[in-house]
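Reviewing the structure listed below.
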Amino acid sequence: MKACVVVFPGSNCDRDVIHSLSTRVKANVSALWYEEHKLPQDTDLVVLPGGFSYGDYLRCGAMAATAPILNAIKGYAEGGGLVLGICNGFQILTEARLLPGALLANKNLKFICRQCAVRAERTDTPFTSNLQTGQVLKMPIAHHEGLYFLPPNDLKQILANKQVVFRYCNNDGTIDDKSNPNGSVDNIAGVINKGGNVLGLMPHPERASEKILGSEDGGLIWDSIASWLKKGGRC
């Protein structure tokens, strides 16, 4: 698997993603500077990592969504290429309109950094193909703007399209308000585009890919991507 991790001014999880992909699934991973206009040839996966691109000026991800490399990523996504946005990367994907919705300030208006549980709602995507429906993953979150929001009619649409891939839950998989750390609508922690090849999620799988980190559950996402590609899966 050949992957590239886009680096913006203010990214701080790029090296973590490179490390976890390299060690977990032995991927050939390269860092890609935001000023580039093309993706590396034969790229299998593009990752927009977490951090504070452009210092979160204007809105989280707003400036990064206009970076030169985004034009190439949009074309890549339109052609069915796999794109994963984590935390700030999720924010960038919504600002670039590659994913629906927006990420707003947490309901408590505070930065949240802690372990949380999310439930897999779909297992027919490249990012969840090795999971079981309803499987609970433990991964950390670290954000101030993680409240996923959609107007009611738009929410109905993504629910009808089955675009919700992860929801915040308690340890046994129950969805309730107490398990929703940031106030996201319908406990949504991750959504996918209609084509099924662009995923954004707030929890950090790269920070939960090794036993020493307290959870290896995030590694299941890397495993899923690698298995999907190995089988020649297409969206």
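Out of Asp172, Asp186, one residue alone is farther than 16 Å from Leu104 by Cα and surrounded by fewer than 21 Cβ atoms within 10 Å (Cβ to Cβ). It is Asp172.
In this structure, Pro100 does not qualify as over 16 Å from Leu220 (Cα atoms) and exposed (fewer than 14 other Cβ atoms within 10 Å of the Cβ). In the set (1) closer than 23 Å to Leu103 by Cβ; (2) buried (at least 16 other Cβ atoms within 10 Å of the Cβ), the condition left unmet by Pro9 is number (2). Figure legend. Inter-residue proximity from segment 147-158: first residues within 24 Å of Asn88 (Cα to Cα), second residues among the acidic types (Asp, Glu), beta-carbon distance below 9 Å, spacing 6+ or different chains. Indicated pairs: Tyr148/Asp186; Leu150/Asp186; Leu155/Asp186.
What residue, among those in segment 54-103 that are of a type in the set (Lys, Arg) and farther than 16 Å from Val6 by Cα, is modelled with the lowest pLDDT? Please lay out each step first, then the result.
Initially, segment 54-103 is screened for residues of a type in the set (Lys, Arg), giving 59, 74, 97.
Of the ones still in play, those that are also farther than 16 Å from Val6 by Cα are 59, 97.
Details: Arg59: 94, Arg97: 98.
It comes out as Arg59.
Taken over segment 65-82, the criterion of being outside any helix (DSSP H, G or I) and either surrounded by fewer than 23 Cβ atoms within 10 Å (Cβ to Cβ) or small (Gly, Ala, Ser) (or both) is satisfied by Ala67, Gly79, Gly80, Gly81. If you take the residues of segment 87-131 that are of a type in the set (Ser, Thr, Tyr) and touching a residue at least 24 places away in the same chain (Cβ under 8 Å), which of them is farthest from Lys230 (Cα to Cα)? This residue is Thr94.
Which members of segment 159-186 meet the condition of being among the charged types (D, E, K, R) and within 18 Å of Glu145 (Cβ to Cβ)?
First, pick out the residues of segment 159-186 that are among the charged types (D, E, K, R): 162, 167, 172, 176-178, 186.
Of everything in segment 159-186, just one residue is among the charged types (D, E, K, R) and within 18 Å of Glu145 (Cβ to Cβ), namely Asp186.
Filtering segment 159-186 to residues that are among the hydrophobic types (A, V, I, L, M, F, W, C) and touching a Leu at 6+ places or on another chain (Cβ under 7 Å) leaves Val165, Phe166, Val185.
So is Gly214 in contact with a helix residue (DSSP H, G or I) (Cβ under 9 Å, 6 or more places away or on another chain), at positive phi and either of a type outside the set (A, V, I, L, M) or modelled with pLDDT of 95 or more (or both) or not? It is true that Gly214 is in contact with a helix residue (DSSP H, G or I) (Cβ under 9 Å, 6 or more places away or on another chain), at positive phi and either of a type outside the set (A, V, I, L, M) or modelled with pLDDT of 95 or more (or both). Residues of segment 120-133 that are out of contact with any Leu (no Cβ under 6 Å at 6 or more places or on another chain) and closer than 14 Å to Ile188 by Cα: Glu121, Arg122. Checked against (1) in a helix (DSSP H, G or I); (2) basic (Lys, Arg); (3) more than 21 Å from Asn197 (Cα to Cα), Arg59 meets all criteria but (1).
The lone criterion from (1) in contact with a Phe, Trp or Tyr (Cβ under 9 Å, 6 or more places away or on another chain); (2) assigned to a helix (DSSP H, G or I); (3) among the β-branched types (Val, Ile, Thr) left unmet by Ile158 is number (1).
When we screen Ala96, Ala65 for residues that are aliphatic (A, V, I, L, M) and closer than 23 Å to Lys156 by Cα, the only hit is Ala96.
Output the number of residues of segment 188-225 satisfying the condition of being of a type in the set (A, V, I, L, M) and without any contact (Cβ under 8 Å) to a residue 24 or more places away in the chain. Full working, then the answer.
Applying the first criterion (of a type in the set (A, V, I, L, M)) to segment 188-225 yields 188-189, 191-192, 198-199, 201-202, 208, 212-213, 220-221, 225.
Keeping just the survivors that are without any contact (Cβ under 8 Å) to a residue 24 or more places away in the chain gives 212-213.
Total meeting the criteria: 2.
If the condition is being at positive phi and either among the charged types (D, E, K, R) or in contact with a strand residue (DSSP E or B) (Cβ under 6 Å, 6 or more places away or on another chain) (or both), then segment 93-113 contributes Arg97, Gly101.
The values are calculated or read from the model by the stated rules, or taken from the named source; none is laboratory data. Predicted model, so just to flag it, every value in this text is computed and none were measured. Backbone-built Cβ (ideal geometry, glycine too); neighbour counts: all protein chains shown.
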